[in-house]
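Each value in this text was obtained by applying a stated rule to the coordinates, not by laboratory testing. Remember, it's a predicted structure, so these values are computed and weren't measured experimentally. Heads up, the Cβs are rebuilt from the backbone with ideal geometry, glycines too, and the neighbour counts pull from every protein chain shown.
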Amino acid sequence: MIELKNISKSFGDKLVLNDISIVFERGKTNLIIGESGSGKTVLLKSVVGLFQIDKGDIIYGDVLFTKLNTIEKREIRKEIGMLFQGGALFDSANVEENVMFPLSMFTELTFEEKRDRVNFCLQRVNLENANTLFPSELSGGMKKRVAIARAIALNPKYLFCDEPNSGLDPKTSIVIDNLIKEITEEFDITTLVNTHDMNSVMEIGDKVIFIHNGTKAWEGTKDDILLTNHDDLNDFIFASPMSQRLRKLLRN
Amino acid sequence: MGILYHMGRYFILMNKVFSKPQRHKMYYKQALRELENLGINSIGIVAIISLFMGAVITIQTAYNTENPLIPAYLIGVAARDSILLEFSSTMVALILAGKVGSSISSEIGMMRVTEQIDALEIMGVNSAGYLILPKILSAMIFNPLLTLISMMVGISGGWMVGVFTGVITTEQYLLGIRYGFIPYYITYGIIKAVVFAFIITSIAAYNGYYVEGGAIEVGKSSTRAVVYSSIVILFFNLILTQMLLS
């Protein structure tokens, strides 16, 4: 579980996150949704400590993350896996070396044991026989799957996904969504997904948090979302004419 | 204020770079890779430039000392001292600031803008230490070797061109090379090479590590790395010369 208590973050005079409190539950896929520029990525990066928050507390399990020093934070981060928007794979390393990197850095496993673990993770994301390929040889969807494999290599307690479907076609997006959902349940981890893809929300959103202008504007489940009367949320969800027609149908 | 800000941030980064490595084996592997990237791959350019510079120094000295009262072997003395004292350490460092410095800055800068550095941080890796320390150490180990290669090739280049153009004979050149030779000049060149290697790699890494934006900013950081490291090299050349030769 991750708990945020009244966190705020500014860049210069611009208040990007304003007094946000959320509980992200374990074993569930927690989705953060909102328009571009609403503060989703800043929120995610603040939770993992890439941005220093100005106010409030971030609690991992029972550890007060915000009070830890850099070295103590690194220890917590070993329990975190993160899927970045562009994958953030190491260009100079092939798929196997990318997935093996955290194992080589933080475990005492032998090379064979590490390779077994890499193969297991790659198999889990349906990427067998891609070990020797370099990131430049992979498609967008494959890069995301390698990034997920790397993120789960160390059996993390927490998984963070920043726009996992950006740049992917709808079919591949569903594959990635399902993968995130399955991994969350299978390994009983706390997953935070940052997205503005409504398909993802409806597919995997165990818990949905709507961020609007840097504040938490709404919180609920994927079932609640279609029937909400929250104006800003409705403007966001039903932005396209097709979704507006769908909404009318649902209401009728 | 800007300079103070950058100096402060540079020293904070260096503090992170020189903190205890998390896993020596991984750093060692990375350092071996950098030895090839930054060192072995620079031998060619250093050798070519040294050869031609040695040749040019010899010819210029010869044409400036066309006087029957000045013995010809002094051309060898002048070529040797120019190469050992200044050219092979400072000039080679300036060339490497362009080649190695821009490469380091753009590599780390691209890693920053494509979130690879963030990925390392999220994994709990000291990204500054892991990415920068092996580069600094590799350059500090290999640059003295490049300097020695430059000294040998430069002196050889002077001899070849001197004999080929007929401005000096082999015997006169060899006499000049040996005449009043002070071995400390080689030590002096090596000390400068080590200091300049640190300057090139650390300033380039600093510029790449704090890039914000995209490809244009990475390009700008690369240019800044070359300009700043060249200026700092010249400044430290002055200080080291005063300290080591006076």
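What separates the Cα centres of the stretch A:87-155 and the stretch B:54-128 is a distance of 39 Å. Could you tell me whether the stretch A:71-180 comes out rounded, prolate or oblate from its Cα gyration tensor? Rule is a ≥ b ≥ c as square roots of the eigenvalues, rounded for a/c under 1.5, then prolate if a/b exceeds b/c, otherwise oblate. Taking the square roots of the gyration eigenvalues as a ≥ b ≥ c, the stretch A:71-180 is oblate.
Ignoring the sites themselves, what is the longest stretch of chain B with no GluC sites (Glu not before Pro) in a DSSP loop and at most 13 other beta-carbon atoms within 10 Å? Don't jump to the answer; show the numbers that get you there.
On the way: sites that count: B:E66, B:E212.
Counting only loop sites that pass the neighbour cut-off, the longest clear stretch is B:67-211.
With 25 Å as the limit on Cα-Cα distance, the pairs of A:K14/A:K157; A:K40/A:K181; A:K40/B:K135; A:K67/A:K114; A:K67/A:K222 that go past it are A:K14/A:K157; A:K40/B:K135; A:K67/A:K114; A:K67/A:K222. Compared with the dominant principal axis of the Cα atoms in chain B, helix B:73-82 is inclined by about 10°.
Between A:I20, A:N131, A:T184, whose Cα lies farthest towards the positive end of the dipole of chain A when Lys and Arg beta carbons carry +1 and Asp and Glu beta carbons carry -1, centred on the Cα centre? It is A:I20. Beta bridges assigned by DSSP with both partners in the stretch A:96-252 are antiparallel in approximately 50 percent of cases. When a/c reaches 1.5 or more, the comparison of a/b and b/c decides; with that in mind, is the stretch B:25-245 rounded, prolate or oblate per its Cα gyration tensor? Prolate is the answer for the stretch B:25-245, as a/c is 1.5 or above and a/b outweighs b/c.
Please report, in debye to the nearest 20, how large the charge dipole of the protein assembly as shown is about its Cα centre when each Lys and Arg carries +1 at its beta carbon and each Asp and Glu carries -1 there.
Details: 46 positive and 49 negative charges, 137 e Å.
Using Cβ point charges on Lys, Arg, Asp and Glu, the protein assembly as shown gives about 660 debye.
Relative contact order of chain B: 34 percent, from C-alpha pairs under 8 Å at least 6 residues apart in sequence. Here the alpha carbons of the stretch B:146-246 define both size measures, Rg and Dmax, at 19.2, 60 Å. Counting only residues at least eight positions apart within a chain, or on another chain, the aspartates and glutamates with an alpha carbon under 15 Å from that of A:K78 are A:E108, B:D118, B:E121.
In whole Å, what three semi-axes, largest first, describe the equivalent ellipsoid of the stretch B:126-201 built from its Cα gyration tensor (square root of 5 times each eigenvalue)? Please report the intermediate quantities before stating the final value.
Numbers: eigenvalues 262, 35, 9 Å².
Over the Cα atoms of the stretch B:126-201, the semi-axes work out to 36, 13, 7 Å.
For chain B, the longest principal axis of the alpha carbon atoms and the long axis of helix B:184-209 meet at an angle near 30°. All alpha carbon pair distances within chain A were sorted into 10 Å bins beginning at 0; the resulting P(r) in whole percents reads 7, 30, 34, 21, 7, 1, 0.
Specify the angular offset, from 0 to 90 degrees and rounded to the nearest 10, of the alpha carbon long axis of helix A:111-124 from the longest principal axis of the alpha carbons in chain A. Tilt relative to chain A: about 30 degrees. With the simple model of a label 7 Å out from the Cα in the direction of the Cβ, B:Q242 to B:V163 spans 4.3 nm. Close amide H contacts of A:T29 (hydrogens built in the peptide plane, cut-off under 5 Å, sequence separation of 5 or more or a different chain): A:D206, A:K207. Cross-link partners of B:K220 among aspartates and glutamates, defined as those whose alpha carbon lies under 18 angstrom from its own and excluding same-chain residues fewer than eight positions apart: B:E107, B:E212.
Taking amide hydrogens as placed 1.01 Å from N in the peptide plane, the amide H of A:C161 sits under 5 Å from those of A:L83, A:L192, A:V193, A:N194, each at least 5 positions away in sequence or on another chain. Farthest towards the positive end of the charge dipole of the stretch B:25-245, among the residues B:T61, B:I149, B:N207, is the Cα of B:I149, using unit charges on the Cβ of Lys, Arg, Asp and Glu.
Output the relative contact order of the stretch A:106-252, whole-number percent, from Cα pairs under 8 angstrom with separation of 6+ residues. Present the calculation step by step, with values, prior to reporting the outcome.
On the way: 121 pairs, mean separation 22.0, N = 147.
Computed value for the stretch A:106-252: 15 percent relative contact order.
Restricting the calculation to Cα atoms, the protein assembly as shown shows an Rg/Rh of 1.13 when the hydrodynamic-style radius is the Kirkwood one.
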